[in-house]
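J.: Got a structure for you, written out below as structure tokens; questions coming shortly.
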Amino acid sequence: METGWVVGLIIAGILLVIAASKSVTGPVRWIGFGIMQLVIGAILLFFANLVGELASFHIPINPVTALLAGFLRLPGLAALVVIKLWVM
């Protein structure tokens, strides 16, 4: 599936949720909270990868890992490191 279709479907879904809700501020607040957690997680992963370069260790930065690190903060980052070391 092309990227344009995926972005269009996500935007359509967000607009559908906003239209179906009684208030616009609730869904917009949750979407903003999720985006904020995504950015925080990406920043945490970036700094973890900077430190991990010393030991040739890398955790990929994608939406799933960024959300996990963003919502759970340092315990989530530690869980990602343990999973990476245990699985790989």
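The values are calculated or read from the model by the stated rules, or taken from the named source; none is laboratory data. All figures in this text were calculated on a predicted structure; none of them were measured in a lab. Note that each Cβ is placed from the backbone with ideal geometry, even for glycine, and that neighbours are counted across all protein chains shown. Accessible surface areas use protein heavy atoms only, side chains included; no ligands, DNA or RNA. Shrake-Rupley method; radii C 1.70, N 1.55, O 1.52, S 1.80 Å.
J.: Looking only at the stretch 37-62, count every residue that is part of a helix (DSSP H, G or I) and either in contact with a strand residue (DSSP E or B) (Cβ under 7 Å, 6 or more places away or on another chain) or open to solvent by 90 Å² or more (accessible area, probe 1.4 Å) (or both) and tell me the total. Show your work before the answer.
T.: Here is the first cut: in the stretch 37-62, the residues part of a helix (DSSP H, G or I) are 37-55.
Remaining after also requiring either in contact with a strand residue (DSSP E or B) (Cβ under 7 Å, 6 or more places away or on another chain) or open to solvent by 90 Å² or more (accessible area, probe 1.4 Å) (or both): 46-47, 51, 53-54.
Final tally of qualifying residues: 5.
J.: Please go through the stretch 1-51 and give me each residue that is of a type in the set (K, R) and under 20 Å from the mean Cα position of the chain (by Cα), ordered by number.
T.: Residues of the stretch 1-51 of a type in the set (K, R): 22, 29.
If the condition is that a residue be of a type in the set (K, R) and under 20 Å from the mean Cα position of the chain (by Cα), then R29 is the only one that fits.
J.: Just to be sure I understand the filter: pairs with C-beta atoms under 9 Å, separated by 6 or more residues or on different chains, first member in the stretch 2-13 and over 22 Å from V28 (Cα atoms) and part of a helix (DSSP H, G or I), second member charged (D, E, K, R) and open to solvent by 60 Å² or more (accessible area, probe 1.4 Å). Which pairs pass?
T.: Hits for this filter: zero, empty list.
J.: Looking only at the stretch 16-26, how many residues end up being part of a helix (DSSP H, G or I) and modelled with pLDDT under 85? Lay out the reasoning, then the answer.
T.: Our first condition is that a residue be part of a helix (DSSP H, G or I); within the stretch 16-26, this holds for 16-20, 25-26.
From what's left, modelled with pLDDT under 85: 17-20, 25-26.
Here the count works out to 6.
J.: For a quick check of your reading of the model, give me the residue pairs whose first member lies in the stretch 69-82 and is crowded, with 16+ Cβ neighbours inside 10 Å, whose second is of a type in the set (S, T, N, Q), with beta-carbon atoms closer than 9 Å and at least 6 apart or on different chains.
T.: If the second residue must be of a type in the set (S, T, N, Q), the pairs left are A69/Q37; G70/Q37; G76/T65; L80/T65.
J.: Could you check E53 against (1) in contact (Cβ under 8 Å) with a residue 12 or more places away in the chain; (2) within 17 Å of K84 (Cβ to Cβ) and say which number it fails?
T.: Only one criterion in (1) in contact (Cβ under 8 Å) with a residue 12 or more places away in the chain; (2) within 17 Å of K84 (Cβ to Cβ) is unmet by E53, namely (1).
J.: Name the residues in the stretch 13-35 that are open to solvent by less than 50 Å² (accessible area, probe 1.4 Å) and either of a type in the set (G, A, S) or in contact with a His (Cβ under 7 Å, 6 or more places away or on another chain) (or both), would you? Working first, answer last.
T.: Pass one, the stretch 13-35, residues open to solvent by less than 50 Å² (accessible area, probe 1.4 Å): 13, 18, 21, 26-27, 32, 34.
Residues satisfying the conditions are G13, S21, G26, G32, G34.
J.: Where residues in the stretch 56-68 are of a type in the set (V, I, T) and free of Cβ contacts under 8 Å to residues at least 24 places away in the same chain, which of them is farthest from G32 (Cα to Cα)?
T.: Selected residue: I61.
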